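Asker: One structure is given below, represented as structure tokens, and several questions about it will come after.
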Amino acid sequence: MDFQLTEEQQMIQSAARDFAVNEIAPVAAQFDASGEFPLENVRKMGELGLMGIEVPDQYGGAALDTIGYVLAMIEVSAADAAHGTIMSVNNSLFCNGILKYGTEEQKQKFVRAIASGEEIGAYALTEPQSGSDASTMKSRAVLSDDGSHYVINARKSWITSGPYARYLVLFASTNPEAGARGITAFLIDTEQEGFSRGKTEPKLGIRASATCEVELQDYRCPVEQRLGEEGQGFKIAMSVLDAGRIGIAAQAVGIAQAAYDASLTYARERKAFGQEIGTFQMIQQKLADMKTRLEAARLLTLRAAWAKKQAETTGARITLDGSMAKLFASEAAMWIAHQAVQLHGGMGYSKEMPVERYFRDAKITEIYEGTSEIQRMVIARSETGLR
Ligand code: CAA
């Protein structure tokens, strides 16, 4: 077992840290308050290679591995989880699936634009009546008589980055009778006729990451923009989420790291009963438990990233690794952020300190890309074979 990072991994970690500390952290509270989308920072992150970390250089990416991606996600999310969300959608949910299942033309057209940060990508699986039970979607795609295009009618909700996305990976059924086996993936250009955006969600946390509904009405999607084969869409959606969940685990580690760091600083400075609160055993116990859970979450997340790297040659599924990392890291982040608020007392409840933002931001990691309940279901099914 080797815990040493490679030179490339250290380089992306330090580039992400510099950018996060100098360009993201100073504006994080302001973007959280306004809910404004940090477009300028997103473009700069693209220039630094942070929007397509695992994308080969011929498609405009940084050509690094999943460990490099996880390290960079931790740094960015420690400064601001909303920036981490935007980064994770471009990297994991958009580029990943096209690299794995797309044609050469699709990679050139869609991956290059998103990996460079010139455009923003999104992933459209969820519908108003179909969230955790993703295979029950109502969206439909019908192949035209001449076989040149699909006519898609779809309504998708909770689309992260939806308000700013140029391209979407969207899932619709081409054969409703076949259930999960009838779902197909498509690459959608939002500037084409038939596409529209609906209401934007007013969210508890990750407020600078924009989320909306999208609708496709008789949208004509050229057959060349089908991703993978007809009926392969659900497996594409799930395998993309296997990788995406590692990114969310990394985001949770970043939030937890920030909450722990803020708590340690506060425990050293704040005085009560005539001494620094960090000298009290009850505070030390909190810090010890926070740090232990933080490092356990980091290790499980890096282990999942390592498993994904191995899987690129073995073709093995990483479902269990991704789900365990996301489940543990997201619950650790929520718990650590909760402790951080408590440790800060009244100041933990104030917007003058960042810990209340970490607390709000941590919550989403237990919900999106599969709730903790879904992760437990996936883990139990993968590990025991029981259904
Ligand atoms: N990789 C490849 N194939 C997979 C797979 C995986 N990880 N998981 C399932 N499959 C395959 C199965 O092998 C099966 O194939 P066969 O028909 O050939 O046997 C098929 O897919 C159907 O699988 P299941 O019977 O297990 O499907 P299910 O309907 O019981 O659902 C589920 C499984 C785990 C509950 C799944 O629906 C799920 O993960 N739900 C959560 C959805 C989710 O995470 N949504 C998040 C939305 S995106 C988001 O949040 C983004 C954002 O905002 C940033």
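Asker: Determine one quarter of the surface area of the Cα convex hull of region 122-233, which equals its mean projected area, and express it in nm² to one decimal.
Answerer: Working: hull surface 27.3 nm².
The orientation-averaged projected area of the Cα hull of region 122-233 comes to 6.8 nm².
Asker: Hydropathy at least 0.5 by Kyte-Doolittle, axial extent at least 30 angstrom from the Cα trace: which helices of the chain, defined as entire DSSP H runs, fit?
Answerer: Span-like helices here: 233-269.
Asker: Counting each DSSP H run of 4 or more residues in the chain as -39500 (n - 2.57), what helix-only mean residue ellipticity at 222 nm follows after dividing by all residues, to the nearest 500 deg cm²/dmol? Walk me through the intermediate numbers first.
Answerer: Working: 12 runs with 184 residues, N = 387.
Mean residue ellipticity, 222 nm, calculated: -15500 deg cm²/dmol.
Asker: What nm value, rounded to one decimal, do you get for the distance between residue 342 and residue 381 when each label is placed 7 Å out toward the C-beta?
Answerer: Each label point lies 7 Å from its Cα, and together they span 3.5 nm.
Asker: For the chain, the longest stretch holding no GluC sites (Glu not before Pro) located in a DSSP loop with at most 10 other Cβ atoms within 10 Å is which? The partial results should precede the final answer.
Answerer: Values: sites that count: 191, 193, 352.
In the chain, the maximal stretch lacking such sites is 1-190.
Asker: A further question follows. If you scale each eigenvalue of the Cα gyration tensor by 5 and take the root, what three semi-axes come out for the chain, rounded to whole angstrom and sorted largest first?
Answerer: Numbers: eigenvalues 267, 88, 81 Å².
Over the Cα atoms of the chain, the semi-axes work out to 37, 21, 20 Å.
Asker: Right, something else. With contacts defined as alpha carbon pairs under 8 Å and 6 or more residues apart, what's the relative contact order of region 25-134 in percent?
Answerer: On the way: 131 pairs, mean separation 32.2, N = 110.
Value for region 25-134: 29 percent.
Asker: Could you give the nm distance between label points at residue 373 and residue 292, where each point is 7 Å from its Cα heading toward the beta carbon?
Answerer: Label-label distance for residue 373 and residue 292, simple model: 3.0 nm.
Asker: Continuing with this model, one more query. State the volume of the convex hull built on the alpha-carbon positions of region 7-119, expressed per residue in Å³ and rounded to an integer. Write down the numbers at each step before the final one.
Answerer: Values: hull volume 9.1 nm³, N = 113.
Normalising the Cα hull of region 7-119 by residue number yields 80 Å³.
Asker: Extending each Cα 7 Å along its Cβ direction at residue 349 and residue 14, get the distance between those two points in nm, one decimal.
Answerer: Simple spin-label model gives 4.4 nm for this pair.
Asker: Please return the longest stretch of the chain lacking exposed loop sites, where chymotrypsin sites (Phe, Trp or Tyr not before Pro) count only if DSSP places them in a loop and at most 10 other Cβ atoms lie within 10 Å. It would help to have the intermediate numbers written out before the result.
Answerer: Details: sites that count: 3, 273.
It runs 4-272.
Asker: Let me ask you something else. With both partners inside the chain, how many of the DSSP beta bridges are antiparallel, as a percent to the nearest 5?
Answerer: Around 85 percent of the beta bridges assigned by DSSP in the chain are antiparallel ones.
Asker: Eigenvalues of the Cα gyration tensor times 5, then square-rooted: what semi-axes does that give for region 234-384, in whole angstrom, largest first?
Answerer: On the way: eigenvalues 236, 41, 26 Å².
The three semi-axes for region 234-384 are 34, 14, 11 Å.
Asker: For the cross-link pairs 100/326; 309/363; 109/363; 156/291; 271/326; 156/308, which exceed 32 Å when the distance is taken from alpha carbon to alpha carbon?
Answerer: Working: 100/326 22 Å; 309/363 28 Å; 109/363 35 Å; 156/291 39 Å; 271/326 36 Å; 156/308 29 Å.
As for pairs spanning more than 32 Å Cα to Cα, those are 109/363; 156/291; 271/326.
Asker: Which residues among region 207-226 fall inside the zone where the amide N is under 18 Å from a point 7 Å beyond the Cα of residue 148, along Cα→Cβ?
Answerer: It comes to 218-226, nothing else.
Throughout, read-outs are computed from the coordinates displayed, never taken from laboratory work. In this text, all values refer to a predicted model and were calculated from it rather than measured experimentally. Neighbour counts run over all protein chains shown; Cβ positions are idealised from the backbone, glycine included.
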